[in-house]
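**Student:** Dumping the structure here so I can ask a few things about it.
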Amino acid sequence: MGRKVSREAAVQALVGNPNVKIAAADCGVSERTLHRWLREPDFSVRLAEAQRGVTKRVVRSVIGRAEKAVRVLDEIMSNVETAAPARVSAAKTVLEFTLKAIELEEIVGRIEMLERRADG
């Protein structure tokens, strides 16, 4: 059972710090052991799952703040009292993210269409 705990601790250490030397020290195993575990498919899968979990939480957090960020950019962009470079920067940022969002929507739409065709 201690072995599982060590591996789980190693996964968490690597998620928190991808530097193998530091992660090994954090979880109390040697670098050599950690490198060996990284070559094992089960360990690599568990690490990838843990990393995806962190990524999902970060993405949800960012999405939750997106509307507020857009409001702030709109306030800066719309306020004639704000310095012109700041207004231009805010406008540019809004336009860049708008274009990226449109591109992503188009890509998702194409993927969904292809999936429907494949299922069809």
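**Student:** If I model a spin label as a point 7 Å beyond the Cα along the Cα-Cβ vector, how far apart are those points for Val108 and Val20 in nm?
**Tutor:** Each label point lies 7 Å from its Cα, and together they span 3.8 nm.
**Student:** What dipole magnitude, in Debye to the nearest 20, does the chain give about its Cα centre under +1 on Lys/Arg Cβ and -1 on Asp/Glu Cβ?
**Tutor:** The calculation lands at about 600 debye.
**Student:** At most 10 other Cβ atoms within 10 Å and a DSSP loop assignment: could you name the GluC sites (Glu not before Pro) in the stretch 61-93 that fit?
**Tutor:** Glu81
**Student:** Which one of Gly28, Ala9, Thr55 is farthest out on the positive end of the charge dipole of the chain, using unit charges on Cβ (Lys, Arg +1; Asp, Glu -1) and the Cα centre as origin?
**Tutor:** Farthest towards the positive end: Gly28.
**Student:** If you rank Val72, Val62 by how much accessible surface each has, with a 1.4 Å probe, what is the order from largest down?
**Tutor:** Val62, Val72
**Student:** How much accessible area per residue does the chain have, in Å², with a 1.4 Å probe?
**Tutor:** 79
**Student:** Please give the length that would be gained between Leu95 and Arg57 if that part of the chain were fully extended, namely 0.36 nm times their separation in residues minus their C-alpha to C-alpha distance (nm, one decimal).
**Tutor:** Result for the pair: 11.1 nm of gain on full extension.
**Student:** Now, a different point. Could you run the Karplus curve 6.51 cos²θ - 1.76 cosθ + 1.60 with θ = phi - 60° over the stretch 86-93 and give me ³J(HN,Hα) per residue in whole Hz, x for Gly and Pro?
**Tutor:** Once θ is set to phi - 60°, the couplings for the stretch 86-93 become 5, 5, 5, 4, 5, 4, 4, 4 Hz.
**Student:** Let me ask another. What percent does the relative contact order of the chain come to when contacts are Cα pairs within less than 8 Å and at least six residues apart?
**Tutor:** 14
**Student:** Treating the stretch 36-120 as a set of equal point scatterers at the Cα positions, no solvent, please give the Debye-formula log₁₀ I(q)/I(0) at q = 0.18, 0.19, 0.23, 0.25 Å⁻¹.
**Tutor:** With one equal scatterer per Cα and no solvent, log10 I(q)/I(0) is -0.93, -0.95, -1.05, -1.10.
**Student:** Separate question: What does the net charge come to around Ser61 if you take all other residues with beta carbon closer than 14 Å to its beta carbon, with K and R at +1 and D and E at -1?
**Tutor:** Local charge sum for Ser61: +4.
**Student:** Pop out the ³J(HN,Hα) list for the stretch 18-31 in order, Karplus 6.51 cos²θ - 1.76 cosθ + 1.60 with θ = phi - 60°, rounded to Hz; leave Gly and Pro as x.
**Tutor:** Residue by residue, the stretch 18-31 yields x, 6, 4, 4, 5, 4, 4, 5, 4, 9, x, 10, 6, 4 Hz.
The values are calculated or read from the model by the stated rules, or taken from the named source; none is laboratory data. All of these numbers come straight from a predicted model, not from anything done at the bench. Note: ideal-geometry Cβ built from the backbone for every residue, glycine included; neighbour counts use all protein chains shown. Accessible surface areas use protein heavy atoms only, side chains included; no ligands, DNA or RNA. Shrake-Rupley method; radii C 1.70, N 1.55, O 1.52, S 1.80 Å.
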